[in-house]
Amino acid sequence: MGSDSAIVGTRFVNLPGNLFRTRLNDGQDGGAVIDVGHEIVLEKTGYGLDQAAMDALRGFTGITEWGLVGSRTGACIMACGFSLWDAGIPFHVIRHLCAEEKGPMCEVVDTVLQRQFGV
């Protein structure tokens, strides 16, 4: 996949026995993905991205840096950021396309993103 831009979605899949179910009493899946022209939709079973997701992203050979957006920025964007960082994949956060939780948590998330990733 040699394009220089791509839209990749994620969808949370809450597996039986997952800590989301057993520890947080959350039995919900991520729900439907709104089709905005995704090249692929990656299924994830946790906050971050697994090796299969990293391999799929590396398949987009024309992408030099990924832009992250999200609806629960505090948990998922940070976890995906750590996943990408650890895999050596450059990224930035497109904040105006994030529906962040407001208040003290939002400030903490921004501080962590700046300190850990410079984004």
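Taken together, the values in this text are just the output of simple stated rules run on the coordinates, not laboratory data. Bear in mind the structure is a predicted one, so any value in this text is a computation, not a measurement. In this analysis, Cβ positions are derived from the backbone assuming ideal geometry, glycine residues included, and neighbour counts consider all displayed protein chains.
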In debye to the nearest 20, how big a dipole does segment 8-117 give about its Cα centre with +1 on each Lys and Arg Cβ and -1 on each Asp and Glu Cβ? 200 debye
Relative contact order, percent, of the chain when contacts are C-alpha pairs under 8 Å separated by at least 6 residues? 25 percent
Based on the alpha carbons, how large is the Rg to Rh ratio for the chain when Rh follows Kirkwood? 0.96
Packing rank of 81-90, 105-114, where each peptide gets the mean count of other beta carbons within 10 Å, highest leading: 81-90, 105-114
Tell me which of Ala6, Phe91, Gly46 sits at the most positive position along the dipole axis of the chain, charges placed on C-beta atoms (Lys, Arg +1; Asp, Glu -1). Gly46
